[in-house]
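Below: the structure, in structure tokens.
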Amino acid sequence: MERIGLRIRLLKFFNRHPHTKAFGILLPCMFWIGVFFLLPLVFMATYSFLERALYGGVQLIFTWENYTRFVDPLYLKILLRSFRISFLTTVILLIIGYPMAYRIAMADKRWRNILLFLVVLPFWTSDLIRTYAWMLILRDTGLLNFLLQYLHVIKKPLTLLYTEGAILLGLAYVYLPFMVLPLYASIEKLDRSLLEAAEDLGATPFWRFLKVTVPLTKSGILAGSLLVFIPSVGAFIVPDLLGGAKAMMIGNLVQLQFGPSRNWPFGSAASFILMTIVLLAVFTYLRFAGGKEAMEEAR
Amino acid sequence: MKRGDYLKPLDWFTSAGYLFLYLPICILIAFSFNTSRFSVVWERFTWEWYGRLIRDPLVLDALKNSVIVAIVAMILSTIIGTLTAYGLYRYRFRGKSVFDGILFLPIVTPEIVVGISLVIFFVMIKYNLGLTTIIIAHVAFDIPFVMLIVRARLQGMDRTLEEASMDLGADEWTTFFKVTIPQLLPGIIAAALLAFTLSFDDFVITFFVAGVGATTLPLKIYSMVRLGVSPKINALSALIVLFSISLITVADRLQRMRV
């Protein structure tokens, strides 16, 4: 009885204050995301303006130095490389992903679900393991070098691992699902009658694709590009395992500051720059793709 | 229009795309059964590397940690994420779009940023790094995913059933537990399985918030990879990939299920 009484009182209270009810239900999420996601970001931003103390701590002295250090060509090079690699990954995946998404959208219903599932599946499996698989293939004594030598294409093993090319390959491999899914979603919604109309009016397949299909699937192209660019620019595992010390990206720089270099303020600044790049990419995307609907699309 | 004209080359291209996605994983699994330790040449089939795995106390310890973390993170994030999805579906309030945007943030924020900001946070509040901090971090990145999956299910739900239940005199509480939740159940279980997988497989964020004592399987793999490629890593990776694939397949089935 006691419990029922309490329940009725609670319900009455909530009926009088509908907002409190919504608030109550959302509270656990607000708490968790607020305290364990947003607040740490604020701490990180603060850290990036503090001076480093000896042995890894910080001193409560304000400084711009952690940001001005990025003028150093060494760090600028890392920033530029991150941009270049992420941009190239996005372009490569557009080229690979569009035809795949198109073919999946054209498949009959039963096959479509299977094909889609096979694209999504790797997304949920470990990046670390999928990247490691490429180490088996690309290293000097790896599968690819073995095959090429066996077929007498090359005499000495090629250096494939620890290059920018290896990073590109790894990122394209890991983020392919991110490109195919949004592209598929927009191609699938495409109004076929428009394609037929273009054909009736004499458009060749090439021009029809360029002038009708591509503009109509713009939202998918933008969403896919965003979803690939963002994790690529902040990637850590792929450049760490496949790039090594010779081809560092921002992610590796951040890790280095929190690991061996023990310069947390500088690491925070690098991380903050990374976060800014990501947010800029999101805002640019929203600008081009048009607000809220676009955000739904990206999901 | 002749269908085959452009679909034929597309077929080849798409098949190549799938080969690209799956061949490396297949190679990894195949080499976990090869007797040769260093070479890529196939020698003989063996279970030896799997045997060495289950006899390695460090691997077993990491497995135990991973399971604990993934289960606790799954339970917490499923409860919180489901409540959030329901709240956002059911109520309109000022600042809802801001709330939505904030939930979108953990998904787009690079993992490394999440990891180092949390480590700064825990060090500043002087909380010792360990299993608890790993769980806290995992719940934070699982919540938005659970929310999205349950929300998709809610949007496809038949709302008249809820109304019928209320009309027949059930209060909101009873309606939620007896009508809404059962209808959402396949979606909730699917979300839970995916949250488990995400948590079980996470490396980057865990790497930063783990501290010294708490090693999970991905951390163990990473430390082994640092020492070089080995068939033992292949075996461990193969097991984890196959385990993830089975969980995801079940989750996918559940998501497609109609009530």
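Descriptive notes on the structure:
- Between B:R226 and A:R262, the C-beta separation translates, for a Förster distance of 22 Å, into a calculated FRET efficiency of about 0.70.
- Rolling a 1.4 angstrom probe over the protein heavy atoms with all chains in place gives the range A:71-298 an accessible area of 44 Å² per residue.
- Relative contact order [Cα under 8 Å, 6+ residues apart], chain A, whole percent: 24
- What the Cβ-Cβ distance of A:L280 and A:L11 gives, at R0 = 45 Å and to the nearest 0.05, is a FRET efficiency of 0.45.
- Heavy atoms of the protein chains alone define the surface here; on that basis the range A:2-41 has 65 Å² accessible area per residue at 1.4 Å probe size.
- Theoretical ellipticity at 222 nm over chain A - DSSP helices of four or more residues, -39500 (n - 2.57) apiece, nearest 500: -23000 deg cm²/dmol
- For the range B:87-96, 3J(HN,Hα) per residue [Karplus equation, 6.51 cos²θ - 1.76 cosθ + 1.60, θ = phi - 60°, Hz, x = Gly/Pro]: x, 6, 6, 7, 10, 10, 7, 5, x, 5
- Given charges at beta-carbon only (K, R positive; D, E negative), |dipole| of the range A:71-298 in Debye: 420
- Surface calculation, 1.4 Å probe, protein heavy atoms: B:L193 sits at approximately 30 Å² accessible.
- Gyration tensor (alpha-carbon) shape descriptor, the protein assembly as shown, a/c threshold 1.5: rounded
- Computed over the range A:49-205, relative contact order equals 25 percent, with contacts defined as Cα pairs under 8 Å that lie 6+ residues apart.
- Distant-in-sequence amide contacts of A:R52, defined by a placed amide H-H separation under 5 Å and a gap of 5 or more residues or a different chain, comprise A:Q59.
- Vicinal HN-Hα couplings computed from phi for the range A:282-289 (Karplus, 6.51 cos²θ - 1.76 cosθ + 1.60; Hz; Gly/Pro x): 4, 5, 4, 4, 4, 4, 6, 8
- Entries of A:K109/A:K189; A:K189/A:K211; A:K77/A:K218; B:K64/B:K220; A:K77/A:K155 with Cα pairs more than 22 Å apart: A:K77/A:K218; A:K77/A:K155
- Under 27 Å of direct C-alpha separation, and excluding same-chain neighbours fewer than eight residues apart, A:K156 reaches these lysines: A:K246.
- J(HN,Hα) series, the range B:72-85, from Karplus relation 6.51 cos²θ - 1.76 cosθ + 1.60, nearest Hz, glycine and proline x: 5, 4, 4, 4, 4, 6, 5, 5, 5, x, 5, 4, 5, 4
- Think of it as helices only: each DSSP H run of n ≥ 4 in chain B is worth -39500 (n - 2.57), and spread over all residues that comes to -25500 deg cm²/dmol at 222 nm.
- Residue order for B:K232, A:K218, A:K21, B:K178 - accessible surface, 1.4 angstrom probe, largest first: B:K178, A:K218, B:K232, A:K21
- Solvent-accessible area buried by pairing A with B, both sides, nearest 100 square angstrom, 1.4 angstrom probe: 8300
- Value of relative contact order over chain B, rounded to a whole percent, pairs C-alpha under 8 Å and six or more apart: 32
The values are calculated or read from the model by the stated rules, or taken from the named source; none is laboratory data. Not measured: the values here are computed from a predicted model. Please note: Cβ atoms are built from the backbone with ideal geometry, for glycine as well, and neighbour counts cover all protein chains shown. To get the accessible areas, we keep the full protein, side chains included, count just its heavy atoms, and leave off ligands, DNA and RNA. Shrake-Rupley method; radii C 1.70, N 1.55, O 1.52, S 1.80 Å.
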